[in-house]
Amino acid sequence: MIDQCVCPPKGKIELADIVRQFGPQYAAQHGERMLPSHKKALSDIAACCTKELGGRLYRCDDCDDTFWSYHCCRNRACPKCHGSQARLWLEKRQAELLPCDYFHAVVTVPEELRGAFYRNQKLMYGLLMQVSAAAFKELCADKRHLGALPGMLSVLHTWNGRLGYHPHVHLLITGGGITADGQHWEPARGEFLVPVAVLSRKIAALFRAALEAEAPAIFAEVSADVWRREWVSFCKHYGHGNDAVLTYLSRYVFRTAITNARILDMDQTHVTFRWKDRNANGWRTERLPGVEFLRRFLQHVLPQGFHKVRYYGLWHPSKRDQSNRAWVLLILATPADPAGLLKVTRLSEVLSQLMELTDQALNEVPDPDAELPRCPHCGSCRTRLLGEYPRLGGP
């Protein structure tokens, strides 16, 4: 896979263009308060797919034109750098996931907690992911609901469509789990997994206890009304088998706060983008000063070293033996063509591959023998490498 980008067509506005135009102004206004992760994101995105990062010169054998393909910045906040990673993963995982039902859950926090979340991101984000999974684990252990341990993949998001600060967690949960004795796979009961009202109260209670224990000073700053409010969460049946999982992963695991496709226009002072109004089930546009647009965007650049994708329950690395057994139990219980079973990879291997992709992709070295890029002028695949352009300033 070539970790490079062919220059976009003229007239197409990208996040990198906005960063280059308004980044210096933003730094002048907020430089002293900028987090290191914010500075790095602006620097990386501004340099993305430019000569600064180096690249390769190609010639098209059909139209005889030459074109540059510059290296990507690989910053996880950059919307341009991860589309190929997602597509590659999806292509390789078509027949590798468990043949069971899946559920999609979303856990949010009251608006009054958002300030505390933003000021203490690593702590609060981690707690939200941990207690959300713990609440599901406890409820699923109850025989009235499931009576088994499911697998859970948790993905943190911090934005809404307008780039507002809205921390929440998406969870992909297996529609069933392995029993405590490790001998049986217990399937979910139709399209029901756990009672949502009970789930919301349990998450609020667990979060309160965890915050008070781990950060009493932060807990003391939080209004008592927060703990009396109804926390919003939902859990719905998402589908069966591979298609459900792959659709989920393509939507959530690699998503950034805004895609280049949503950016409509940029002038000397403002940026215009579109966002999906869920209530009206339609698209709306918003025009913001460039510096304000960057402020909203940078709210969603995660702290350095924070893992936005985590695995719990049956999918936790410490449960590898149980997850392998669950895979065997499911396969034995699922009628299938024996030849088709050869295409199925063990669950632990699938999760390991996903973890490696999401956590180590930024350290990958492009393969010089990988598939050549298409010509941006005529679309031909018959292109050839002419030469390398080194990164400015050395490696």
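The values are calculated or read from the model by the stated rules, or taken from the named source; none is laboratory data. Only a predicted model underlies this, so the values are computations on that prediction, with no experimental measurement involved. For neighbour counting, all protein chains shown are included, and Cβ atoms are generated from backbone atoms with ideal geometry for every residue, glycine included. Calculation scope for accessible area: heavy atoms of the full protein, side chains included, ligands and nucleic acids excluded. Shrake-Rupley method; radii C 1.70, N 1.55, O 1.52, S 1.80 Å.
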**Prompt:** open to solvent by 60 Å² or more (accessible area, probe 1.4 Å), at pLDDT below 75, of a type outside the set (A, V, I, L, M, F, W, C) and in a helix (DSSP H, G or I): does that describe D359?
**Reply:** yes
**Item:** One residue from V131, V169 being β-branched (V, I, T) and under 30 Å from T285 (Cβ atoms)
**Value:** V169
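Residue by residue, here is whether (1) out of contact with any Cys (no Cβ under 7 Å at 6 or more places or on another chain); (2) of a type in the set (K, R) holds:
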position	(1), (2)
K12	yes, yes
F22	yes, no
Q25	yes, no
A28	yes, no
G31	yes, no
L35	yes, no
K40	yes, yes
C48	no, no
R56	yes, yes
**Yes/no for L329 being touching a residue at least 12 places away in the same chain (Cβ under 8 Å), more than 18 Å from the chain's Cα centre (by Cα), part of a helix (DSSP H, G or I) and under 29 Å from G126 (Cβ atoms)** = no
**Prompt:** Limited to the stretch 38-69, what total is found for residues that are hydroxyl-bearing (S, T, Y) and open to solvent by less than 20 Å² (accessible area, probe 1.4 Å)?
**Reply:** 2
**Fill in**
The condition from (1) over 26 Å from D17 (Cα atoms); (2) open to solvent by less than 20 Å² (accessible area, probe 1.4 Å) that G290 misses is numbered (1)
**Request:** Sort out which residues of the stretch 136-153 are in a strand (DSSP E or B) and either open to solvent by 10 Å² or more (accessible area, probe 1.4 Å) or charged (D, E, K, R) (or both), and write them in order of number.
**Result:** L149
**Message:** Looking at the stretch 233-246, I want the residues that are at pLDDT 85 or above and have a partner that is surrounded by fewer than 19 Cβ atoms within 10 Å (Cβ to Cβ) with Cβ atoms under 6 Å, at least 6 apart or on another chain. Which pairs are those?
**Reply:** F234/V106; F234/V196; C235/V196; H237/E191
**Fill in**
Taking the stretch 154-178 and keeping only residues that are out of contact with any Pro (no Cβ under 7 Å at 6 or more places or on another chain), open to solvent by less than 20 Å² (accessible area, probe 1.4 Å) and over 20 Å from Q121 (Cα atoms), one is left with L172, I178
**Asked** Only one of these conditions is not met by V194: (1) touching a helix residue (DSSP H, G or I) at 6+ places or on another chain (Cβ under 7 Å); (2) assigned to a loop (DSSP other than H, G, I, E, B); (3) loosely packed, with under 15 Cβ neighbours inside 10 Å. Which number is it?
**Response** (3)
**Asked** How many residues does the stretch 286-326 hold that are β-branched (V, I, T) and assigned to a loop (DSSP other than H, G, I, E, B)?
**Response** 1
**Prompt:** Among the listed residues N260, N281, which satisfies the condition of being at pLDDT below 90 and farther than 19 Å from L171 by Cβ?
**Reply:** N281
**Residues within the stretch 231-255 that are open to solvent by 50 Å² or more (accessible area, probe 1.4 Å) and within 9 Å of the chain's Cα centre (by Cα), tallied** = 3
**Message:** Please determine whether any residue of the stretch 274-285 is open to solvent by 60 Å² or more (accessible area, probe 1.4 Å), over 30 Å from L153 (Cα atoms) and outside any loop (DSSP other than H, G, I, E, B).
**Reply:** yes
**Asked** Looking at (1) open to solvent by less than 60 Å² (accessible area, probe 1.4 Å); (2) closer than 30 Å to G175 by Cβ; (3) touching a strand residue (DSSP E or B) at 6+ places or on another chain (Cβ under 8 Å), which is the one condition that is false for P317?
**Response** (1)
**Request:** Please determine, by comparing only the residues of the stretch 256-271 that are in a strand (DSSP E or B) and open to solvent by 30 Å² or more (accessible area, probe 1.4 Å), which one is farthest from Y26 (Cα to Cα).
**Result:** L264
